[in-house]
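Undergrad: Take a look at the following structure, please.
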């Protein structure tokens, strides 16, 4: 159980006191910390790349019915061929890459309906 109390604004940060259980800690929160992006829960219907690489073969198209564990596409990364598997049963809404595309880390590859 954490509580933030007694905020005081200074030039580049905020002085604050954190109460953790029965202990109090004085600390400073920087503007960078205060301006950070909030956590966004990942959408289970979207499949992202986990490593940069090149798309070698696409096994699905929009409208395809897929079972969990089916291969969606093959990609080459770090001199290995990786199979991107379906995380769930469903229908493919759209495929956002094509054969030969260079993909980056966390790039959207496939979306389910």
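A short reminder: the numbers here are calculations on the coordinates, not readings from a lab. Quick caveat: nothing in here was measured; it's all calculated off a predicted structure. So basically every Cβ, Gly included, is an ideal-geometry build from the backbone, and we count neighbours across all protein chains shown.
Undergrad: Using a 7 Å offset from Cα along Cα-Cβ at residue 80, what residues in the stretch 95-113 end up with backbone N under 19 Å from the label point?
TA: 103-107
Undergrad: Helix-only estimate, please: 222 nm mean residue ellipticity of the chain, summing -39500 (n - 2.57) across DSSP H runs of length 4 or more and dividing by its residues, to the nearest 500.
TA: My calculation for the chain gives -500 deg cm²/dmol from helical runs alone.
Undergrad: Something else now. Please compute the modelled spin-label separation between residue 89 and residue 106, points set 7 Å along Cα→Cβ, answer in nm with one decimal.
TA: Going from the residue 106 label point to the residue 89 one covers 3.2 nm.
Undergrad: Using a Gaussian network for the chain with springs between C-alpha atoms less than 10 Å apart, which of these wobbles most: 103, 14, 92?
TA: With Cα springs under 10 Å in the chain, the top fluctuation among 103, 14, 92 is at 14.
Undergrad: Sticking with this one: Find how much the distance from residue 67 to residue 23 grows on full extension, using 0.36 nm per residue of separation minus their present alpha carbon separation; answer in nm with one decimal.
TA: 10.7 nm is the gain from fully extending residue 67 to residue 23.
Undergrad: Of the listed values (i) 8.8; (ii) 11.0; (iii) 17.0, identify the label whose number matches mean projected area of the Cα convex hull in nm² calculated from this model.
TA: The value matching this structure is (ii).
Undergrad: Using alpha-carbon positions, what is the distance between the centroids of the stretch 26-70 and the stretch 76-92, in Å?
TA: First find each Cα centre; the distance between them is then 13 Å.
Undergrad: With contacts defined as alpha carbon pairs under 8 Å and 6 or more residues apart, what's the relative contact order of the stretch 10-113 in percent?
TA: For the stretch 10-113, the relative contact order is 27 percent.
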